């Protein structure tokens, strides 16, 4: 493995995430829902449809961006995943208000429809080197069991369906954020990795003819003192610095 391969984490791969496929269903479903049932003529401010579709889009697109940023910033990946979750929470509120405006409460978790929809699962995404094409073929087939719910003639059934799908997706994203945080705590961020990779490369390039550190036995490299009475003088310093502070004089 090259130095740069060690430095960069894996990125992308978002199409394999169930949360991504669910958020794609939610995005497309919200576009269709707003076209059919959220008329701008009945909206005093004319913003509801645009904001709902925008929130659905944000949920999906931030999963993509977070996944692509994973190679150089775990912090950004976590933040964008959290933004995706927050955007879906905003959309959830819109569907709740839609039902409330009609005097209808969202389905109970004990509702047969809620339970039936909650049991629907997605298959694993298998793909070739034609990932984009493969994904959309997979999407059409994998989401077919959800279609009768999303394209129902009753707008309240669709609104309840979207609420269930959003709740499931938010739970998935919550799990992803937790996992991303655990990886960050274990491996550190990109700056830490840059330091460790640079240090490892420096250590590996230390000439075998260089003296051995009297403290830990690692090779030493030439350094220059920048403080004290030896300021400006060259000396041998341990490649294990700062963990090891072993030094030796350079013999003329």
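Data for the structure
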| quantity | calculated |
| --- | --- |
| Ranked 236, 136, criterion: other C-beta atoms within 10 Å, fewest first | 136, 236 |
| Order of 18, 127 under a 10 Å beta carbon neighbour criterion, fewest first | 127, 18 |
| Cα gyration tensor shape of the chain, rounded if a/c is under 1.5, else prolate or oblate by comparing a/b with b/c | prolate |
| Burial ordering of 144, 111, 251, fewest other beta-carbon atoms within 10 Å first | 251, 144, 111 |
| Choice from 20, 241, 33 showing the highest fluctuation, given a GNM over the chain with Cα pairs closer than 10 Å | 241 |
| Tilt relative to the chain, helix 18-37 - C-alpha long axis, 0 to 90 degrees, to 10 | 40 degrees |
| Calculated [θ] (222 nm, deg cm²/dmol) that DSSP helices of n ≥ 4 give over the chain, each run adding -39,500 (n - 2.57) | -19500 deg cm²/dmol |
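Every read-out reported here was derived from the displayed coordinates using simple, explicitly stated rules and does not represent laboratory data. Please read all numbers here as calculations on a predicted model, not as lab measurements. Reconstructed Cβ throughout: ideal geometry from the backbone, glycine too, with neighbour counts over all protein chains shown.
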